[in-house]
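The values are calculated or read from the model by the stated rules, or taken from the named source; none is laboratory data. Every value quoted in this text rests on a predicted model; they were computed, and no experiment measured them. Cβ sites come from the backbone with ideal geometry, for glycine too, and all protein chains shown count toward neighbours.
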Amino acid sequence: MTRGPELSPIGKIIYVVFRLLWTSLVIVVPTIGVWVASSLAAYRNGPVWLVCLAGLLLFPILPALWDLISELRRRRKAKRWHPRTLTTWDRLILRTLALNLIFLGALLASRPETIFTALSARGDWPLDQARHPLAERARGWIFAAADGLQWLYEAAHDNEYDGMIEAGARPSETPTPPPNAEDDPWSDPLGSTPPPVPPPDADAGATSADAKDAKDDAPPPLWPSPAEVHPAVVAMPASAKASVAEVGAYLASAEGDPRARVKAIHDFAATHVAYDYAALNAGLYPDQRAETVLRTGLGVCAGYSNLIKAIGDVTGDEIVVVTGDSRGIGGEISGGGHAWNAAKIDGAWHLLDATWDAGHREGDVFKAEYRTDYLFTPPALMGLSHLPEDPAWQLRAEPLSRGEFTRQPMLRPAFFAEGWSLIDPRRSQITVDSDVVLRIGNHGGRHMMALAVPLGGGRERRCQVRGEAEVQVRCDDLGAGTFNIELLTSPLDHGTFTYVGELQVNVRG
């Protein structure tokens with residue numbers, strides 16, 4: 001047997017490095033496959049341990065069996081034995097790569113959106129109970145790896161409302177965040193506190209009474225605003241509703257303040273259009289252009305948004321349609337297609353969603369319920385439920401990735417407006433062995449009710465709510481399954497409770 005040429009010292013180093021990298025593939029690729037499959041199991045509340053055990057099939061059991069069978073067949077067919085070009089270890093690596101890449105590719109191709117959501121929401125499942133700084137660093141690496149697959153989600157995801165947006169309704173410029181906007185919903189998300197009144201000695205003629213008058217004259221915060229329909233909309237005659245042009249002309253003449261006028265446009269759409277649940281259920285959408293929606297009084301989110309934009313064109317207000325995904329009631333962690341608006345007022349952009357302020361669904365029927373939760377909503381709070389396709393329309397200094405959006409708990413702006421603060425957990429989905437415990441700060445002196453609703457239907461159960469300044473929500477003995485822990489609040493202990501958000505919990509049982 002002829003020996004090959006002797007390698008130089010540098011050649012030996014290169015050879016060793018190559019062999020190390022080559023060998024590392026047999027660890028890295030199967031690990032990725034197990035991580036993807038086990039994260040999906042954790043997200044779906046499946047047997048994670050079984051997935052990890054099954055990972056042993058992909059390495060080393062199946063590759064070793066494949067090589068053994070191949071070797072036996074080769075020797076049986078060959079008249080005499082010939083040495084192999086590749087070593088047994090190299091063949092095991094190649095077979096491992098082939099099997100695992102086929103498995104991983106099939107898994108990603110079969111359900112790309114769900115896989116991305118699972119990795120983003122539960123990719124750190126081995127660190128569920130870990131709070132050490134090293135665990136937090138590892139968690140950051142895991143989610144950074146998950147974010148690298150965002151392209152996979154976007155390639156498979158289709159926003160069905162994109163094709164319903166009227167020409168010219170989309171933004172033509174890159175927006176900037178409004179002044180004093182806070183990116184962190186857990187600190188001061190409102191970002192709309194009026195500036196402090198100067199002290200009396202700041203001006204020679206100022207007095208404490210002057211300071212009080214100045215404070216009283218300060219404009220109210222943009223959000224939240226009282227849930228009162230603009231007077232011009234209430235008083236609008238039927239003759240002014242004949243066309244978009246007439247609606248716009250009426251509102252322009254009735255309201256001179258740009259901020260109040262945009263609110264009037266929002267209020268008109270929210271009170272004169274009913275959500276078309278029949279079209280949504282059938283998946284067959286009629287014309288969503290502004291004039292049609294105004295005439296029929298029916299529309300989906302694209303129709304509401306088109307109408308608001310079209311009225312704004314008449315009144316001279318700069319309003320655009322923003323498309324993306326939203327998450328609502330029902331445990332939609334990843335969200336679905338949606339459309340809403342952004343309006344430029346006094347040089348600053350603000351977000352509004354008249355669809356979500358118009359009412360809600362009861363069975364298959366739309367129930368009108370006007371509110372202002374999604375009128376000029378602070379970007380940090382809007383970002384808990386709305387993710388635009390163009391990150392610039394998040395109106396945040398540091399836009400969220402889709403993975404970060406997915407991990408956020410599904411809370412509504414009213415949760416924060418009422419003075420609640422989520423202490424723990426701050427995730428859209430968690431896994432527990434049996435009992436569910438939430439800690440929530442109560443700074444508004446309100447009352448909370450919590451319901452454990454089985455995902456997919458079933459009997460809901462009421463959870464225990466205890467405490468005042470800090471409320472503890474405890475759901476005991478739920479049994480194995482996935483539950484949406486819905487949070488409802490009221491100013492009175494026995495009043496009407498309103499939904500303000502939810503978290504999803506997998507209970508191992």
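Filter the range 126-138 for residues that are among the small types (Gly, Ala, Ser) and surrounded by 14 or more Cβ atoms within 10 Å (Cβ to Cβ); which is farthest from residue 436 (Cα to Cα)?
138
Residues to consider are 373, 325; find the one that is in a loop (DSSP other than H, G, I, E, B), of a type in the set (Asp, Glu) and in contact (Cβ under 8 Å) with a residue 40 or more places away in the chain.
Every option except 373 fails the conditions.
Cβ-Cβ distance below 7 Å, separation of 6 or more or different chains: which pairs start in the range 226-237 with a residue that is under 13 Å from residue 268 (Cβ atoms) and end on one that is hydrophobic (A, V, I, L, M, F, W, C)?
230/260; 230/264; 232/251; 232/254; 232/264; 233/264; 233/268
Scan the range 438-475 residue by residue and report those that are among the hydrophobic types (A, V, I, L, M, F, W, C) and closer than 16 Å to residue 421 by Cβ.
Answer for the range 438-475, where residues must be among the hydrophobic types (A, V, I, L, M, F, W, C) and closer than 16 Å to residue 421 by Cβ: 438, 440, 448, 450, 465, 469, 471, 473.
Touching a Lys or Arg at 6+ places or on another chain (Cβ under 6 Å) and surrounded by 13 or more Cβ atoms within 10 Å (Cβ to Cβ) - does that describe any residue in the range 411-419?
Looking for residues that are touching a Lys or Arg at 6+ places or on another chain (Cβ under 6 Å) and surrounded by 13 or more Cβ atoms within 10 Å (Cβ to Cβ), one finds at least one in the range 411-419, hence yes.
Scan the range 139-157 for residues that are part of a helix (DSSP H, G or I), surrounded by 15 or more Cβ atoms within 10 Å (Cβ to Cβ) and hydrophobic (A, V, I, L, M, F, W, C) and report the count.
5
Just name the residue that is farthest from the chain's Cα centre (by Cα) out of those in the range 2-37 that are exposed (fewer than 11 other Cβ atoms within 10 Å of the Cβ) and of a type in the set (Ser, Thr, Tyr).
2
Return the residues of the range 343-355 that are hydrophobic (A, V, I, L, M, F, W, C) and either buried (at least 21 other Cβ atoms within 10 Å of the Cβ) or in contact with a Ser or Thr (Cβ under 9 Å, 6 or more places away or on another chain) (or both); say none if nothing qualifies.
The answer is 343, 348, 349, 351, 352, 354.
Given the criteria on the phi > 0 side of the Ramachandran plot and either surrounded by fewer than 16 Cβ atoms within 10 Å (Cβ to Cβ) or modelled with pLDDT of 95 or more (or both), does residue 457 qualify?
Criteria met by residue 457.
Do we have residue 119 as under 28 Å from residue 41 (Cβ atoms) and either in the same structural domain as residue 325 (by TED's automatic domain parsing) or hydrophobic (A, V, I, L, M, F, W, C) (or both) here?
In short, yes.
Might you let me know whether the range 206-224 holds any residue that is touching a Phe, Trp or Tyr at 6+ places or on another chain (Cβ under 8 Å), aliphatic (A, V, I, L, M) and modelled with pLDDT under 95?
Yes, there is a match, as at least one residue in the range 206-224 is touching a Phe, Trp or Tyr at 6+ places or on another chain (Cβ under 8 Å), aliphatic (A, V, I, L, M) and modelled with pLDDT under 95.
Residue under question is residue 309, and the condition is that it be in a strand (DSSP E or B) and not aliphatic (A, V, I, L, M); does it hold?
Considered against the rule, which asks whether it is in a strand (DSSP E or B) and not aliphatic (A, V, I, L, M), residue 309 comes out as no.
Taking the range 85-137, which residues are outside any helix (DSSP H, G or I) and among the charged types (D, E, K, R)?
The answer is 111, 124, 128, 131.
From the set of residues in the range 321-337 that are more than 16 Å from residue 360 (Cα to Cα) and under 8 Å from the mean Cα position of the chain (by Cα), which is modelled with the highest pLDDT?
Restricting to residues being more than 16 Å from residue 360 (Cα to Cα) and under 8 Å from the mean Cα position of the chain (by Cα), the top hit is 325.
Filter the strands (runs of 3 or more DSSP E) completely within the range 381-456 down to those with at least 1 residues that are among the hydrophobic types (A, V, I, L, M, F, W, C) and within 25 Å of residue 324 (Cα to Cα).
So the answer is 386-388.
Evaluate the following for residue 314: is it touching a residue at least 12 places away in the same chain (Cβ under 8 Å) and assigned to a strand (DSSP E or B)?
no
Consider the range 356-367. How many of its residues are outside any strand (DSSP E or B) and surrounded by fewer than 21 Cβ atoms within 10 Å (Cβ to Cβ)?
The total comes to 2.
Residues being surrounded by fewer than 19 Cβ atoms within 10 Å (Cβ to Cβ) and among the aromatic types (Phe, Trp, Tyr): count how many of those fall in the range 38-60.
Final tally of qualifying residues: 1.
Conditions tested, residue by residue: (1) out of contact with any Cys (no Cβ under 7 Å at 6 or more places or on another chain); (2) of a type in the set (Lys, Arg); (3) at pLDDT 95 or above.
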site: 72; (1), (2), (3): yes, no, no
site: 77; (1), (2), (3): yes, yes, no
site: 83; (1), (2), (3): yes, no, no
site: 93; (1), (2), (3): yes, no, no
site: 116; (1), (2), (3): yes, no, yes
site: 154; (1), (2), (3): yes, no, no
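Any residue in the range 61-71 that is buried (at least 17 other Cβ atoms within 10 Å of the Cβ), under 30 Å from residue 403 (Cα atoms) and of a type outside the set (Gly, Ala, Ser)?
No, the range 61-71 contains no residue that is buried (at least 17 other Cβ atoms within 10 Å of the Cβ), under 30 Å from residue 403 (Cα atoms) and of a type outside the set (Gly, Ala, Ser).
Tell me, yes or no, whether the range 475-496 has at least one residue that is surrounded by fewer than 16 Cβ atoms within 10 Å (Cβ to Cβ), under 19 Å from residue 128 (Cβ atoms) and in contact with a strand residue (DSSP E or B) (Cβ under 7 Å, 6 or more places away or on another chain).
Scanning the range 475-496 turns up at least one residue that is surrounded by fewer than 16 Cβ atoms within 10 Å (Cβ to Cβ), under 19 Å from residue 128 (Cβ atoms) and in contact with a strand residue (DSSP E or B) (Cβ under 7 Å, 6 or more places away or on another chain).
Taking the criterion of being in contact with a Gly (Cβ under 6 Å, 6 or more places away or on another chain), closer than 25 Å to residue 355 by Cβ and not hydroxyl-bearing (Ser, Thr, Tyr), would at least one residue in the range 425-447 satisfy it?
No: the range 425-447 contains no residue that is in contact with a Gly (Cβ under 6 Å, 6 or more places away or on another chain), closer than 25 Å to residue 355 by Cβ and not hydroxyl-bearing (Ser, Thr, Tyr).
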